[in-house]
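Accompanying notes for the structure given below.
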Amino acid sequence: MPSERLQKKTTIAEGGLVETLDVLSLTKFPGRLAVSNNYEVGLSGGYRRIDGYVKYSTTEVSGTGAILGAAVFNSGVVVAREHASSGNTEVFFGTGSSWGSKINSDTRTAQGKHRFWRYNWNGTESIIGCDGGQYAFKYDGSTYTVLNGTGSPANPKFVTEFKDHMFFAGYSANSSGIIFSAPADETKFLTIDGGGEIIVGDEIMNIHVFRDMLIIFCKHSLHKLTGSSMFDFKVEPITERLGCLASDSIVELGGELLFLAPDGIRTIAATEKIGDIELASLTRDIQKRISDCLSVSGSSNVVAVGVRTKNHYRMFCPTSSISVPDAAGIILGLRKNSQGQLVWEAGALTGFKPSVVDSDFVGDDELVIHGSLDDGFIFKQESGNTFNGANIPSSMNFVDDDFGDDTIRKVFHRLHMFYKPEGPISLTVKAILDYGDESISQPLSFTITSGGGIGYYSSSSLYGTATYGTPTGAIQKHQHLIGSGIALSLQILSEDTNPSHSIQGYQTEFVIGDRR
């Protein structure tokens, strides 16, 4: 005889997107997602719909084509774009209003993507830019300087400051070489001044500082450079078995250095044991999605940025032939899960089409930007409730849960949804039985709507216009279910301009039925 006792199953929203397991294997991981679009790891738990983006300046950067380079600098943004008539590249600086006149005094033949590095050697914030076609340049907020001294690399693609030396790589004279400057002097490169060149024997894809090492990302290998001067600089291999697939996928975040390798997004983590390097893949669960993104955009178009206040890594795979709503990306978030473990969780992004990205702190606030692949606008991420005025689409499907036995029918009674709104909310929720079997009667979808979230007395929540007294914890939505089956999953959809919300989890009430 089947038991008539009402049972409850609580599902915590954690674990992220998983696409590499079969349906039956997924039932062992309730709380993970079979579908995820535009949801991130929530700082207060659960899955949170991402914030929107707005124009950093309502003025378009002068020129034609895509934004070639953009970097947060000196409480503003440095931008490069091709001139509309001459075809040369021009560099601008702005703080959110207009971009003004170009800051470069030289004639820069139009090249590809510009990359930048911020540094401060003498009490003045400075930035170096290079484009792989001509000499690098330096800008300190007032003076623009071309770095074309004796021994300077003629056309570097990559630049990084390490141990008070400026390192350049990706120049045409030697694609496996690195030229470094004299100590604390980015204009001198001769050996007599303390400069020099290092050869690693593999095409360099980028270079990046990580703790006390300079990591050299090559096409087929990875190396580390240690030491502090020309007298003790030393290059050692990390691995000869894999390299970096995309030059602009490298981001330092959460004590890790992330990059795109042929088998997915990996980390280079320095462990407590000095000199021990650990390589770890983070995206095995979504490897096909990454492969699909690359097949559309190609690795040269891949760009990535870190949102450090959230420990989020965002990788975008745009191409000019794809519309903005269809442009794809990947998001990774670092979370301490319910078992107390630090884990990376993955999700999918759509609606971003950047040619370049960057982030840095301006005062206490983090500024995350991207330059458009379609036009001359710079956009500020983590801002607003729209994608530049368009609705933000979001969707998630929790994996199917068979409640421990896929041969026993369950009669479902009620569903308790736990969510946290940050303002008005409108969600469509549907319980899906038996892996979406269309031959059985499926429960009707229902909506979760709310007129407001938490109101705080501030410049954005004014007395008399905000809603006060809303509970700060998760809100429950109780919904009767009519139906029975061996497994259940939950689908949540929205596409609107409402503020963000978090899905914390759900609880299912059911009675055990007969064995199938």
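Quick rundown of the values:
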quantity: Distance between modelled label sites at Lys430 and Val511, nm, 7 Å Cα→Cβ extension; calculated: 2.8
quantity: Dipole in debye (nearest 20) - region 165-233, about Cα centre, beta carbon charges: Lys, Arg +1; Asp, Glu -1; calculated: 180
quantity: Estimated dipole of region 221-356 in Debye, rounded to 20 [Cβ of Lys and Arg +1, of Asp and Glu -1, Cα centre]; calculated: 340
quantity: Carbon and sulfur %, accessible surface of region 375-455 computed with the full protein complex present, 1.4 Å; calculated: 46
quantity: Translational diffusion coefficient (Stokes-Einstein; Kirkwood radius from C-alpha pairs) of region 1-109 at 20 °C, 1.002 mPa s, in µm²/s; calculated: 113
quantity: Surface share of carbon and sulfur [accessible, 1.4 angstrom probe, percent] for region 207-317; calculated: 48
quantity: Region 1-52: Rg to Rh, with Rh as the Kirkwood radius over Cα pairs; calculated: 1.12
quantity: Using θ = phi - 60° and Karplus 6.51 cos²θ - 1.76 cosθ + 1.60, couplings along region 194-204 (whole Hz; Gly, Pro as x); calculated: x, x, x, 9, 10, 10, 10, x, 8, 4, 7
quantity: Highest to lowest packing among 441-447, 316-322, scored as the average C-beta count within 10 Å; calculated: 316-322, 441-447
quantity: Among Val368, Ser247, Val511 - extreme Cα towards positive end, dipole of the chain, charges at beta-carbon; calculated: Val511
quantity: On Cα atoms only, tilt of 287-297 relative to the major axis of the chain in degrees; calculated: 50
quantity: Space enclosed by the convex hull of the alpha-carbon atoms of region 110-255, per residue, Å³; calculated: 116
quantity: Magnitude of the charge dipole, the chain, Cβ model with Lys/Arg +1 and Asp/Glu -1, debye to 20; calculated: 880
quantity: Span from the region 376-391 Cα centroid across to the region 84-146 one, whole angstrom; calculated: 25
quantity: Among Gly195, Leu433, Gly100 the positive-end extreme of the charge dipole of the chain (Cβ point charges); calculated: Leu433
quantity: Accessible surface of Thr309 - all protein chains present, 1.4 Å probe, nearest 10 Å²; calculated: 80
quantity: Cβ-defined net charge surrounding Ser181, 15 Å radius [Lys, Arg +1; Asp, Glu -1]; calculated: -3
quantity: Kirkwood Rh, angstrom, region 224-360 [1 / mean 1/r, Cα pairs]; calculated: 16.1
quantity: Viscosity 0.692 mPa s, temperature 37 °C, Stokes-Einstein D of the chain from Kirkwood C-alpha radius, µm²/s; calculated: 131
quantity: Stokes-Einstein D in µm²/s, Kirkwood radius over Cα pairs - region 73-129 at 25 °C with 0.890 mPa s viscosity; calculated: 197
quantity: Per-peptide average of other Cβ atoms within 10 Å, ordering 234-247, 373-386, 46-59 highest first; calculated: 46-59, 373-386, 234-247
quantity: Surface per residue (accessible, 1.4 Å probe) for region 97-249, Å²; calculated: 42
quantity: Charge sum, other residues only, whose C-beta stays under 12 Å from Ser355's C-beta, Lys/Arg counted +1 and Asp/Glu -1; calculated: -2
quantity: Extreme residue, positive dipole direction of the chain, given options Gly329, Ile408, Phe73 (C-beta unit charges); calculated: Ile408
quantity: Surrounding net charge for Gly404, when Lys and Arg each add one and Asp and Glu each subtract one, Cβ distance under 11 Å; calculated: -1
quantity: Interchain or long-range residues, amide H under 5 Å from Glu203's placed H; calculated: Lys219, His220
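The values are calculated or read from the model by the stated rules, or taken from the named source; none is laboratory data. The model shown is predicted, which means the values in this text are computed figures rather than measured ones. Neighbour counts are summed over all protein chains in view; Cβ atoms, including those assigned to glycine, are modelled from backbone coordinates with ideal geometry. In case anyone asks, the SASA skips ligands and DNA or RNA and just uses the protein heavy atoms, side chains included. Shrake-Rupley method; radii C 1.70, N 1.55, O 1.52, S 1.80 Å.
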